[in-house]
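The values are calculated or read from the model by the stated rules, or taken from the named source; none is laboratory data. It should be emphasised that the depicted structure is a prediction, and the values quoted were computed from it without experimental measurement. Note that we place each Cβ from the backbone using ideal geometry, even for glycine, and neighbour counts take in every protein chain shown. Only protein heavy atoms, including side chains, enter the accessible area calculation; ligands, DNA and RNA are left aside. Shrake-Rupley method; radii C 1.70, N 1.55, O 1.52, S 1.80 Å.
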Amino acid sequence: MRLSWEPLPLDLRTTFRIAHGASDRRDNVLVRLDEGLGEAAAVAYHGETPAGIMAYLAAVGDIWEDDPCLLEDVWARLPAGSAAARAAIDIALHDVWGKRLGQPLYRLFGLNPARAPLTSFTIAMAAPEAMAEQAREAGLPIYKIKVGGAQDVAAVAAIRAVSPARLRVDANAGWTREQAAALIPQLASYDLELVEQPLPVGDIEGLRWLKALGLGLPIFADESIKTAWDVAAHAGAVDGVVIKLMKTGGIREALRAIHTAHALGMQVMLSCMVESSVGVTAAAHLAPLCELADLDGPLLVRNDPFTGVTYDGARLCLPDLPGIGVQKALVTKLTLEYH
Ligand code: MG
């Protein structure tokens with residue numbers, strides 16, 4: 001098989017500000033493996049850079065099989081290193097697998113696309129009035145609100161005042177234990193669905209302590225969870241976990257992480273980084289296995305060069321084409337509507 005890669009610069013529709021920092025552009029990497037496509041998201045707070053991803057790809061070597069069904073054999077030979085680069089290769093391998101068998105991935109996994117949960121749409125940190133205006137304008141049924149700043153309660157109150165939507169908050173590791181214990185009950189009074197990653201990565205005991213306080217909101221771990229091993233380590237400490245292909249290193253480990261979470265009584269939110277339709281559509285094929293979805297990456301991007309999963313409001317519509325089902329966009333979607 002022939003592996004190649006190229007830069008995939010993505011411009012964001014609006015400045016994306018979360019507790020980790022702000023950005024207007026992301027430099028992802030597009031991977032091609034024969035006819036398969038994959039994507040790696042260079043997320044700085046996971047220690048990923050475009051250069052690091054490309055260095056990994058350059059060092060992979062000849063690990064391929066002629067038989068595209070021997071995915072586990074190839075996966076076992078992937079060197080350790082960049083999870084995003086491994087995800088890109090794993091996505092491309094699955095794309096080749098589906099294309100050669102002539103079936104969309106969700107069919108190969110035995111999944112019913114109608115069971116995919118509705119996706120949330122992300123509202124990044126800004127002035128509370130601006131965040132509320134975004135929610136009012138979009139008119140969608142689920143929002144993920146980025147918090148972890150000085151105006152968290154004001155932002156949630158402003159959005160709740162203009163929207164009856166299901167609201168989730170994501171602190172992106174931005175609170176201390178004491179802040180989380182004080183803020184969660186205040187936020188819960190605005191009828192929220194859950195809180196994501198209230199505490200810094202690694203503070204499993206803090207999460208367990210918060211959960212035991214019974215503050216009225218289910219707690220999900222995101223940055224703390226990369227692989228199935230991390231899911232197991234958080235058993236009993238959280239109510240749910242956030243799984244992303246860019247953290248697990250692709251679809252195969254995401255499947256293991258999803259099943260591990262369910263076996264341990266935890267819910268799963270399937271999510272993405274800022275990614276084009278390549279990475280997000282690959283993830284969307286697993287959405288029917290998960291209770292919650294946060295797969296709005298292509299809606300945040302102005303210049304997605306591909307089409308794949310589409311959105312009927314918050315409903316995820318999976319493409320019926322073989323593999324991940326992504327195609328080159330005929331026209332760059334400059335004015336994508338998400339109403
Ligand atoms: Mg998150």
(request) State which residue pairs qualify: first residue touching a residue at least 60 places away in the same chain (Cβ under 8 Å) and open to solvent by less than 20 Å² (accessible area, probe 1.4 Å) and inside segment 20-38, second residue acidic (D, E) and in a strand (DSSP E or B) in any location, beta carbons under 9 Å apart, and separation of 6 or more residues or different chains. (result) N28/E39; L30/E6; L30/E39; V31/E6; V31/E39
(message) As an exercise: evaluate M273 against (1) among the hydrophobic types (A, V, I, L, M, F, W, C); (2) farther than 30 Å from Q103 by Cα; (3) open to solvent by 10 Å² or more (accessible area, probe 1.4 Å) and give the number of the one condition it does not meet.
(response) (2)
(message) So A212 ticks every box in (1) more than 21 Å from A126 (Cβ to Cβ); (2) more than 15 Å from the ligand (Cβ to nearest atom); (3) touching a residue at least 12 places away in the same chain (Cβ under 8 Å); (4) assigned to a helix (DSSP H, G or I) but one. Which box is left unticked?
(response) (3)
(message) When the residues of segment 184-201 are narrowed to those that are within 16 Å of the ligand (Cβ to nearest atom) and open to solvent by 30 Å² or more (accessible area, probe 1.4 Å), which ends up nearest to H46 (Cα to Cα)?
(response) V201
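Looking for whichever is away from the ligand (no atom under 16 Å from the Cβ) and open to solvent by 10 Å² or more (accessible area, probe 1.4 Å) here; the options are T281, T227. Which one fits? Spell out how you get there, then give the answer.
Details: T281 fails: open to solvent by 10 Å² or more (accessible area, probe 1.4 Å).
After applying the criteria, what remains is T227.
Hey, which of the strands (runs of 3 or more DSSP E) in segment 264-316, taking only ones fully inside, have at least 2 residues that are more than 11 Å from the chain's Cα centre (by Cα)?
Values: elements: 267-271, 292-294, 310-312.
The qualifying strands (runs of 3 or more DSSP E) are 267-271, 310-312.
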(request) Among the residues of segment 133-162, count how many are touching a helix residue (DSSP H, G or I) at 6+ places or on another chain (Cβ under 9 Å), away from the ligand (no atom under 16 Å from the Cβ) and either open to solvent by 10 Å² or more (accessible area, probe 1.4 Å) or of a type in the set (F, W, Y) (or both). (result) 11
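Would you check if L321 is buried (at least 22 other Cβ atoms within 10 Å of the Cβ) and at pLDDT 95 or above? Can you show your working first?
On the way: buried (at least 22 other Cβ atoms within 10 Å of the Cβ): no; at pLDDT 95 or above: yes.
Spelling it out, it is not the case that L321 is buried (at least 22 other Cβ atoms within 10 Å of the Cβ) and at pLDDT 95 or above.
Quick one: which strands (runs of 3 or more DSSP E) lie wholly within segment 102-186 and hold at least 1 residues that are in contact (Cβ under 8 Å) with a residue 12 or more places away in the chain and basic (K, R)?
142-146, 166-170
For (1) over 18 Å from the mean Cα position of the chain (by Cα); (2) at pLDDT 95 or above; (3) crowded, with 20+ Cβ neighbours inside 10 Å, each residue gets a yes or a no:
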residue	(1), (2), (3)
E205	yes, yes, no
G214	yes, yes, no
P218	yes, yes, no
G236	yes, yes, no
K244	no, yes, yes
I251	no, yes, yes
L255	no, yes, no
(request) For segment 215-224, indicate whether the set of residues that are among the aliphatic types (A, V, I, L, M), more than 24 Å from H285 (Cβ to Cβ) and part of a strand (DSSP E or B) is non-empty. (result) yes
(request) Could you tell me which residue of segment 190-209 is farthest from L292 (Cα to Cα), considering only residues that are in a helix (DSSP H, G or I) and aliphatic (A, V, I, L, M)? (result) I204
(request) Kindly check whether there is at least one residue in segment 251-267 that is in contact with a Lys or Arg (Cβ under 7 Å, 6 or more places away or on another chain) and either touching a residue at least 12 places away in the same chain (Cβ under 8 Å) or away from the ligand (no atom under 16 Å from the Cβ) (or both). (result) no
